[in-house]
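Report on the structure given below.
The values are calculated or read from the model by the stated rules, or taken from the named source; none is laboratory data. Because the structure is predicted, anything quoted here is derived from the model rather than measured. Cβ: placed from backbone, ideal geometry, glycine included. Neighbour counts: every protein chain shown. Accessible surface areas use protein heavy atoms only, side chains included; no ligands, DNA or RNA. Shrake-Rupley method; radii C 1.70, N 1.55, O 1.52, S 1.80 Å.
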Amino acid sequence: MSSTIPPKHSRPLSPHLSIYRFSASMLMSILHRVTGVALAGSSLIFLSWLIALYSGAEIYQQWVNSFTTIPGYFILFSINYIFFHHLFGGIRHFILDSGYGYNTRTITQLAHLTWLFALVMTIATWSYIYYAIT
């Protein structure tokens with residue numbers, strides 16, 4: 001009984017990133033994962049806010065003072081954008097997982113709408129906050 005093992009080069013290869021042309025949909029899918037990790041990390045900032053809130057007025061005021069600076073606003077704005085990007089990315093994945101929109105044009109449009117809606121909602125949120133406190 002002789003069994004022959006075919007040489008390695010005759011086995012088919014699975015499609016890999018080097019085969020596909022990079023697209024907006026691929027970028028949004030990767031960014032959805034990245035924003036998920038970033039949201040998990042940003043929960044530490046929320047936790048620090050809760051600890052400062054519980055620790056008393058003086059420590060809470062120090063926390064507020066540290067986040068009402070230009071870098072603090074940038075961090076909070078970024079977290080807000082990341083939240084909306086992940087939210088709309090999840091909606092995009094839900095639409096595609098439901099079996100709708102599987103043509104190249106719709107997939108590309110959904111990818112572009114993800115970052116656009118995230119940006120619009122972030123600006124709308126910060127505009128609302130600005131006008132509510134002034």
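Grab the beta carbon distance between THR108 and ILE51, set R0 = 41 Å, and tell me the FRET efficiency rounded to 0.05.
On the way: r = 44 Å, r/R0 = 1.06.
Efficiency at R0 = 41 Å is approximately 0.40.
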- Between GLY72, GLY89, GLY56, which gets the highest mean-square fluctuation from a Gaussian network model of the chain, Cα cutoff 10 Å? GLY56
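Could you work out the helix-only [θ] at 222 nm for the chain, with each DSSP H run of four or more residues adding -39,500 (n - 2.57) and the total divided by the number of residues, to the nearest 500 deg cm²/dmol? Provide the component values of the computation, followed by the final result.
On the way: 4 runs with 101 residues, N = 134.
For the chain, the value works out to -26500 deg cm²/dmol.
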- Pick out which of THR122, THR35, THR106 has the largest mean-square fluctuation in a Gaussian network model of the chain, springs linking Cα atoms closer than 10 Å. THR106
- In square angstrom, what is the accessible area per residue of the chain with a 1.4 angstrom probe? 77
- Please report, to two decimal places, log10 I(q)/I(0) for the chain at q = 0.12, 0.13 Å⁻¹ as given by the Debye formula with identical point scatterers on the Cα atoms and no solvent. -0.67, -0.74
- Query: In degrees, nearest 10, range 0 to 90: what is the angle between the Cα axis of helix 57-67 and the longest Cα principal axis of the chain?
  - Reply: 50
- Task: Any chance you could give the angle, 0 to 90 degrees and rounded to 10, that helix 104-133 forms with the longest Cα principal axis of the chain?
- Result: 10
- Query: If you roll a 1.4 Å probe over the range 21-134 with all protein chains in place, what percent of the accessible area is carbon or sulfur?
  - Reply: 74
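Can you tell me how much longer the chain between TYR128 and THR69 gets when fully stretched, taken as 0.36 nm per residue apart minus their C-alpha distance, in nm with one decimal? Write down the numbers at each step before the final one.
Numbers: separation 59, 0.36 × 59 = 21.24 nm, distance 1.90 nm.
Length gained between TYR128 and THR69: 19.3 nm.
Loop only per DSSP, at most 14 neighbouring Cβ atoms within 10 Å: give me the trypsin sites (Lys or Arg not before Pro) in the range 27-134, ordered by residue number. Intermediate results must be reported in sequence, preceding the final value.
On the way: sites: ARG33, ARG92, ARG105; in loops: none.
The qualifying sites: there are none.
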- Dipole check, the chain, charges on Cβ (K,R +1; D,E -1), about Cα centroid: among ASN65, MET121, LEU96 the Cα furthest to the positive pole belongs to LEU96
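So if R0 is 35 Å, what FRET efficiency would LEU96 and ILE59 give, r being the distance between their Cβ atoms, rounded to the nearest 0.05? Show your work: numbers first, answer last.
Details: r = 45 Å, r/R0 = 1.30.
Computed FRET efficiency for LEU96 and ILE59: 0.15.
Nearest 20 debye, what's the magnitude of the dipole of the chain about its Cα centre given +1 on Lys and Arg Cβ and -1 on Asp and Glu Cβ? Show your work: numbers first, answer last.
Working: 6 positive and 2 negative charges, 140 e Å.
That gives the chain a dipole magnitude of about 680 debye.
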